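Everything on this sheet refers to the single structure shown next.
The values are calculated or read from the model by the stated rules, or taken from the named source; none is laboratory data. Just so you know, these numbers come straight off a predicted model, no measurement behind them. In this analysis, Cβ positions are derived from the backbone assuming ideal geometry, glycine residues included, and neighbour counts consider all displayed protein chains. The protein model used for the area step is the full one, side chains on, heavy atoms only, and it has no ligands, DNA or RNA in it. Shrake-Rupley method; radii C 1.70, N 1.55, O 1.52, S 1.80 Å.
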Amino acid sequence: MSNSPLEKISTVRLGTDGPRIGVQGFGAMGISEFYGDTDEAAARDTLEATVEAGVTLIDTADIYGLGANEQFLAPFLAAHRDEVTLATKFAIDRRADDPSYRAIENSPAYIKKAVEASLRRLDVDVIDLYYMHRRNPEVPLAESVGAMAELVAEGKVKYLGLSEVTGPELREAYAVHPIAALQSEWSVFSRDVERSGVSAAAELGVTVVPYSPLGRGFLTGSFADAGKELSEGDFRRFQPRFTGDNAVANAALLEPLHKIAAAHGATTAQIALAWVQQRAQVHGLTVVPIPGTRKRSRLLENTGATRITLSAEELALLEPIAGQVAGDRYPDMSATSTVREQ
Ligand SMILES: NC(=O)c1ccc[n+]([C@@H]2O[C@H](COP(=O)([O-])OP(=O)(O)OC[C@H]3O[C@@H](n4cnc5c(N)ncnc54)[C@H](OP(=O)(O)O)[C@@H]3O)[C@@H](O)[C@H]2O)c1
């Protein structure tokens, strides 16, 4: 909307030669799966608010809702294709007829089929940023990135990304074809990517896209014990850090966030988002965090974080938190790069 009254957020370049994108992006995953029921009209209104606020990197994946998330985005993309940078992902194979089935697929043949299915569901001619969602170490990275590079040559994809890989893996991939973005979990609670991913990204000019920057909502204080407070199918009920004794211990770690939020007249969500932006500066990086929400008011609250600057004292208060978090990020960490880094 050209005559929007909203103040647009500032922009940064994606990778070394990509488009300029809003300094905060949008994660669409929760609209279709993992975080309880969705009011679809409110979610559509939230999508409209992204472009109004200058949030242009829209993030989905083929597995979110088994394709439903990509399909949900299609009408929004039809109306706003030129205003957004569209990112989706392949590699996690799940099946509607077998809920327990999950495989990490990185073969060229799988990638070629996956991109066609995503293009069809999104109803677009080209995907701006195509990520490998997870690495399967049994498939040579050069083979997978080589297949992804062919998609660029064929005009199906513009830029390449990798999710949850190590710094050495990012370098290996970059040697095959430039990589525009590294997407990994990064928040006050989750800093595994700082082991090697961010230094490689800084050196190569790769934009880091922190996912779950609000700790899947835990850092906002909107729930404390997932097991007791969230609905039956909510994924967070199965995440070790959000249930039982771990959740109680981890909720206590939020105290400095509350204190800093009060001092800024801000919310803890905004402080968590401001932290990722400033932590990236320490590493000499460009970051575009992609918080997810299905509510317009929260989207605007989150973009407000781009205007908050934390002092050195405040950053020091937040520094020790991640090292004290009880419980893993996932029930099964075997598909994340950090397991292979230990
Ligand atoms: N590459 C990967 O492996 C990977 C993994 C996970 C996620 N992702 C991507 O990253 C995106 C973001 O991550 P995420 O959705 O897992 O976690 P997140 O952004 O850290 O948190 C999302 C949760 O926080 C709530 N929320 C958002 N803003 C809020 C606010 N201001 N106040 C209170 N609550 C707020 C949302 O609820 P409402 O929706 O009800 O507002 C939702 O439950 C996803 O959408 C997805 O695109 C990628």
Fill in the blank from the handout: Contact list, first residue from region 170-191 and at pLDDT 95 or above, second anywhere and among the polar types (S, T, N, Q), beta-carbon distance below 6 Å, six or more apart or interchain, is 181/207; 183/163; 185/212
Practice task
Count, please, the residues in region 253-305 that happen to be closer than 29 Å to residue 40 by Cα, not in a helix (DSSP H, G or I) and not aliphatic (A, V, I, L, M).
Solution key: 7
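Being in contact with a Ser or Thr (Cβ under 8 Å, 6 or more places away or on another chain), touching a residue at least 24 places away in the same chain (Cβ under 8 Å) and of a type in the set (A, V, I, L, M) narrows it down to one residue among 51, 55; which is it?
After applying the criteria, what remains is 55.
This table checks each residue for (1) within 27 Å of residue 33 (Cα to Cα); (2) among the hydroxyl-bearing types (Ser, Thr, Tyr); (3) in contact (Cβ under 8 Å) with a residue 40 or more places away in the chain; (4) open to solvent by 40 Å² or more (accessible area, probe 1.4 Å).
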residue: 232; (1), (2), (3), (4): yes, no, no, yes
residue: 237; (1), (2), (3), (4): yes, no, no, yes
residue: 241; (1), (2), (3), (4): yes, no, yes, no
residue: 245; (1), (2), (3), (4): yes, no, yes, yes
residue: 255; (1), (2), (3), (4): no, no, no, yes
residue: 260; (1), (2), (3), (4): no, no, yes, no
residue: 266; (1), (2), (3), (4): no, no, yes, no
residue: 270; (1), (2), (3), (4): yes, no, no, no
residue: 288; (1), (2), (3), (4): yes, no, yes, no
Handout entry: Hits in region 30-57 - residues which are open to solvent by less than 20 Å² (accessible area, probe 1.4 Å) and either more than 9 Å from the ligand (Cβ to nearest atom) or touching an Asp or Glu at 6+ places or on another chain (Cβ under 9 Å) (or both)
Key = 31, 47, 49, 50, 51, 52, 53, 54, 55, 57
Exercise for the section: State whether one or more residues within region 311-328 are open to solvent by 50 Å² or more (accessible area, probe 1.4 Å), within 14 Å of the ligand (Cβ to nearest atom), modelled with pLDDT of 95 or more and acidic (Asp, Glu). Expected result: no
Exercise for the section: Can you tell me which residue within region 102-120, out of those that are under 23 Å from the mean Cα position of the chain (by Cα) and not in a helix (DSSP H, G or I), is modelled with the lowest pLDDT? Expected result: 102
Practice task
With respect to residue 182, determine if the residue is closer than 25 Å to residue 73 by Cβ and part of a strand (DSSP E or B).
Solution key: yes
Exercise for the section: Kindly list the number of the only condition in (1) assigned to a helix (DSSP H, G or I); (2) closer than 24 Å to residue 231 by Cα that fails for residue 64. Expected result: (1)
Exercise for the section: Could you tell me which of the residues 56, 60, 16 is in contact with a Leu (Cβ under 7 Å, 6 or more places away or on another chain) and modelled with pLDDT of 95 or more? Expected result: 60
Exercise for the section: Can you run down the residue pairs with Cβ atoms below 6 Å, 6 or more apart or on separate chains, where the first is in region 120-135 and in contact (Cβ under 8 Å) with a residue 40 or more places away in the chain and open to solvent by 10 Å² or more (accessible area, probe 1.4 Å) and the partner is acidic (Asp, Glu) and assigned to a helix (DSSP H, G or I)? Expected result: 121/70
Practice task
Would you check if residue 207 is buried (at least 19 other Cβ atoms within 10 Å of the Cβ), among the polar types (S, T, N, Q) and without any contact (Cβ under 8 Å) to a residue 60 or more places away in the chain?
Solution key: no
